[in-house]
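Encoded as structure tokens, the structure appears first; notes follow it.
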Amino acid sequence: MAASRINLAEIAGAVAVGVIGLIIVWMGSDYSVGTPRRIGPGFLPVVVGCLLVALSIGLVIEALRTEPSPLDIKIRPFLLVMLSIPAFAILVERAGLVPATASLVILSALAERPVHLVRILVLAVLISAMGVAVFVYALGLPLSAVRW
């Protein structure tokens with residue numbers, strides 16, 4: 001295989017996923033995994049970390065089998081998705097779960113072209129309602145749906 005055919009960007013991303021998986025396994029190994037009938041607090045991190053390592057191996061194999069494509073980095077979608085996370089974190093305590101979830105959905109959805117405003121608003125309303133139903137009512141978390 002010629003060096004020019006190796007997709008270095010995809011391999012680097014796959015290796016990064018594998019390293020994150022190994023770190024998760026290492027950190028989760030400090031906790032008890034438990035037994036199959038009574039899993040411990042370390043079970044989920046170890047399993048997720050192992051799945052990430054397996055995924056990274058598959059990604060490396062796939063990257064070695066495909067032709068490299070030119071990188072098409074789009075800053076706008078990246079920034080909007082990255083801004084939606086702190087917006088949610090800031091708004092959830094100050095304004096409530098509904099405005100925080102709506103801001104997360106709207107900012108993330110604006111990253112996609114073309115923008116479908118009605119679809120975005122319907123999605124924001126539905127996900128906000130599901131969040132309130134699950135986290136406030138079903139799980140009883142101390143969150144306000146809307147804080148006035």
Q) If you line up the long axis of helix 117-131 against the longest principal axis of the chain, both from Cα atoms, how many degrees apart are they, to the nearest 10? A) 80 degrees
(Q) If you fit an axis through the alpha-carbon atoms of helix 43-65 and take the longest principal axis of the Cα set of the chain, what angle between them do you get, 0 to 90°, nearest 10? (A) 50 degrees
Q: For the chain, calculate the relative contact order in percent as a whole number, restricting contacts to Cα pairs under 8 Å that are 6 or more residues apart.
A: 19 percent
Q: Take the alpha-carbon centre of the stretch 83-148, take the same for the stretch 51-66, and report the distance between them in whole Å.
A: 34 Å
Q. Is the shape of the chain best called rounded, prolate or oblate, per the rule: a/c under 1.5 gives rounded, else a/b larger than b/c gives prolate, else oblate, with a ≥ b ≥ c the square roots of the Cα gyration tensor eigenvalues?
A. oblate
Q: Read phi for every residue in the stretch 143-148 and hand back ³J(HN,Hα) as whole Hz from Karplus 6.51 cos²θ - 1.76 cosθ + 1.60, θ = phi - 60°, with x for Gly and Pro.
A: 10, 8, 5, 9, 10, 8
Q. Name the chymotrypsin sites (Phe, Trp or Tyr not before Pro) in the stretch 1-108 that are in a loop by DSSP and that have at most 15 other C-beta atoms within 10 Å, would you?
A. Tyr31
Q) How large is the dipole of the chain about the Cα centre if only Lys and Arg carry +1 and Asp and Glu carry -1, each at its Cβ, rounded to the nearest 20 debye? A) 280 debye
Q) Helix 8-28 sits at what angle to the longest principal axis of the chain, using alpha carbons and giving 0 to 90 degrees rounded to 10? A) 70 degrees
Q: Return the distance in nm (one decimal) between the two label points of a simple spin-label model at Leu139 and Leu121, each offset 7 Å from Cα along Cα→Cβ.
A: 2.9 nm
**Q.** Cα lying deepest toward the dipole's positive end in the chain, options Met130, Leu64, Val33, charges on Cβ
**A.** Met130
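Read-outs: derived from the displayed coordinates by stated rules, not from any lab. Values in this document were obtained by computation on a predicted structure and should not be read as measured data. Here Cβ is always computed from backbone atoms with ideal geometry, including for glycine, and neighbour counts include all displayed protein chains.
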